[in-house]
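The values are calculated or read from the model by the stated rules, or taken from the named source; none is laboratory data. Nothing here was measured: the structure is a model prediction, and the numbers come from that model. Cβ atoms come from the backbone with ideal geometry, glycine included; neighbour counts cover every protein chain shown.
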Amino acid sequence: MVSRKKSARRPARAAARRNRKTKPRRAARSLPAIPRPALPVTIPRPSMSIVRQPNHFPGAPDANHGPHHGQLNTPLHPTATSGSSFAPRGAEGRGNLANSAYPLRPVGPLPEADKPGRRRDGQKREVCALVLAAGLGKRMHSRSSKLLHQVAGRPMVRHVIEATRQAGVARAVVIIGSQAEEVRRAIGDGDKRLAFAFQKEQRGTGHAVLCAERHLRGYEGDVLILNGDLPALRPRTLRAFMEFHRASEAPLSLMTTVLEDPRGYGRVIRNYAGDLSRIVEETDATREERETQEINCGIYLVDAAHLCKPLKRATSNNAQGEIYLTDLIEILRKDGRTVAAYRHEEPEEVLGVNDRRELAAAARALYRRKARDLMTAGVSFIDPDRTYVDAQVKVGRDTIIEPGAMLLGDTIIGEDVRIGAGSRVLDSSIGDGTEILPYCVIGEARIGRACRIGPFAHLRPGTSLDEEARIGNFVETKKTHLGKGSKANHLTYLGDAEIGRGANIGAGTITCNYDGVSKHRTIIEDEVFIGSDTQLVAPVRLKRGAFIAAGSTITRDVPAHSLALSRARQTVKENWARRFGPQAKGKGSDTRPAKRRP
Ligand code: UD1
Ligand code: CA
């Protein structure tokens, strides 16, 4: 709470400071200068006024100042000495970018937003998102695109889109390429707020952005560019970043973070004054540059007017032979533009997922966050680090979740529920006061109030239980409805069954619902009593209050309040065991003929 307030307030202070200096707005911007309202002026802290470099944003939160405060192990590179990998102006390589036509849906302008632009208050520039989701993700060693891998119940890329939405960015263009159809489907292609651009060949992040150029034609706001592999990114971080960018007035802002082990990520290279000069990818970095611990998170805000045109000057003259989006920073710096860096303090949230280990770490982070949020809202966890609750699951207060429980997908849990150790609940709802004992598997089921399930129960899709129903150990249900207070406490299979209220299903009852060709229904009316070890051969109906004797095989309907009994009559042969049972040993039992045994 506190930190959110802080980050929202800081840029306001920053704007106030800047107002006093009244810098003219950059002419290159496509939007006319927007008069800023006078803001309360605060006295700047002395450290803030020391650096006055072009890409330094004096009012930035302290955390975003360069490493010149000495807290980072960052070699400083003056921009002038850094080798350039850019083609001269004019040599734009435009011809290489011919494959941006999207074959699945005609390429159009930006998608319609529910709410039109965000310029109402005269200060906010419109922001649209550009999500890079065309890469395969080789380091995952997977058949499917990295972005389709599930993290806490959603494909990775959907977390990113969800975060942009919750941060108030209404429109997004997603760049797809590898497994385009699957990625598009996973994201939800019916959504009007989304548009898709196609990158036929994966020639780098810069190339991917250029594939969306047509979508940005005529657009004058800011573009929030995000790698699609950031499942743990929080909306509030994006909001703070957008605030920062607006206040910085730089045409490009970049999110960075500091890692103890920065291996694999692009490093942020600053000059002697601590200002950002460029990003160097690990594969292109010198040993000295690799020691830099500040990394690029793959989250950028760029004024649309400073995006595609300068980016076309980036070349693929690098170790990976790709067109890097990160080269845009050096290009803009060389053009004399400012580039602002927003340093995020919680690396866990802004780290790209590249391999399975990082995938597990991201999932862990999301599960931990979800548990924390639920605990704040009144849910108890016996051991929050050993519990797995997907992002969209809802849990009511005073519910207790035991270790090893997995609450997945679109599950909704009521209040005062107990979820036993090792139980897995997917896309199901559980009513108030219900107890799920350990080791139950529940999928696409609806469980009413005050029920008791398990231990070791398997509730399959289409199971629906009214209040106070009981399902005990080793009971499996499928497409079955149990009315109020009905019980199936032991060793039972109920498939395609409609069961009324107050019925008692004895241990070992089996609905024989499948005849090898089709499925048939079993109807058990209110207050039916079924004795143990009964087979109900469907289709069959047991009418109200019927009583089935234990061990019966029921093949015909049973009228109301009658007894049905279909087992063989018991025969007793007195003293038979004395002669032929184990007691008969020593009297030639080894040689007795088998046919004499009944
Ligand atoms: C990128 C950054 C690196 C940063 C890191 C943060 C570049 C050149 N490097 O590296 O500085 O530290 O992210 O995680 O940008 N993609 C496409 N088309 C392509 C290539 C990639 O759409 O041709 C997409 C991928 O699907 C992915 C994102 O871009 O969602 C980033 O690609 P990835 O290969 O993960 O980049 P990194 O090497 O991690
Ligand atoms: Ca990555």
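Quick notes
- Members of region 307-320 that are more than 16 Å from ligand 2 (Cβ to nearest atom), touching a Gly at 6+ places or on another chain (Cβ under 8 Å) and not hydroxyl-bearing (S, T, Y): L311, K312, A314
- Selection count where residues are surrounded by 10 or more Cβ atoms within 10 Å (Cβ to Cβ) and either of a type in the set (S, T, N, Q) or in a loop (DSSP other than H, G, I, E, B) (or both), scope region 564-578: 3
- Among residues of region 333-354 that are within 16 Å of ligand 2 (Cβ to nearest atom), those with a beta-carbon under 8 Å from a residue that is basic (K, R) at least six positions away or on a different chain give the pairs E349/R234; V353/K146; N354/R139; N354/K146.
- A285 aliphatic (A, V, I, L, M), within 13 Å of ligand 1 (Cβ to nearest atom) and surrounded by fewer than 24 Cβ atoms within 10 Å (Cβ to Cβ): yes
- Count of region 176-208 residues, restricted to those that are farther than 11 Å from S145 by Cα and of a type in the set (S, T, N, Q), is 3.
- Here the strands (runs of 3 or more DSSP E) wholly within region 214-311 that include at least 2 residues being acidic (D, E) are 294-303.
- Hits in region 161-204 (condition: farther than 20 Å from A304 by Cβ, under 18 Å from the mean Cα position of the chain (by Cα) and within 11 Å of ligand 1 (Cβ to nearest atom)): V183
- Number of positions in region 138-153 that are within 15 Å of ligand 1 (Cβ to nearest atom) and surrounded by fewer than 24 Cβ atoms within 10 Å (Cβ to Cβ): 8
- Of all residues in region 355-394 being in a strand (DSSP E or B) and among the aromatic types (F, W, Y), the one that is farthest from ligand 2 (Cβ to nearest atom): F381
- Note on region 262-306: among residues that are within 13 Å of ligand 2 (Cβ to nearest atom) and at positive phi, the one that is modelled with the highest pLDDT is G298.
- Restricting attention to region 182-230, the residues that are in contact with a Gly (Cβ under 9 Å, 6 or more places away or on another chain) and not aliphatic (A, V, I, L, M) total 15.
- Of all the residues in region 454-502, those that are closer than 15 Å to N513 by Cβ, part of a strand (DSSP E or B) and charged (D, E, K, R) number 5.
- Filtered by the rule that a residue be among the basic types (K, R) and within 15 Å of R418 (Cα to Cα), region 441-489 gives R449, R452, R470.
This table checks each residue for (1) at pLDDT 95 or above; (2) under 24 Å from D191 (Cβ atoms); (3) out of contact with any Phe, Trp or Tyr (no Cβ under 9 Å at 6 or more places or on another chain); (4) among the aliphatic types (A, V, I, L, M).
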{"site": "A80", "(1), (2), (3), (4)": "no, no, yes, yes"}
{"site": "N99", "(1), (2), (3), (4)": "no, no, no, no"}
{"site": "G108", "(1), (2), (3), (4)": "no, yes, yes, no"}
{"site": "E126", "(1), (2), (3), (4)": "no, yes, no, no"}
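- When residues of region 215-246 are limited to those that are away from ligand 1 (no atom under 16 Å from the Cβ) and more than 27 Å from the chain's Cα centre (by Cα), the one surrounded by the most Cβ atoms within 10 Å (Cβ to Cβ): G221
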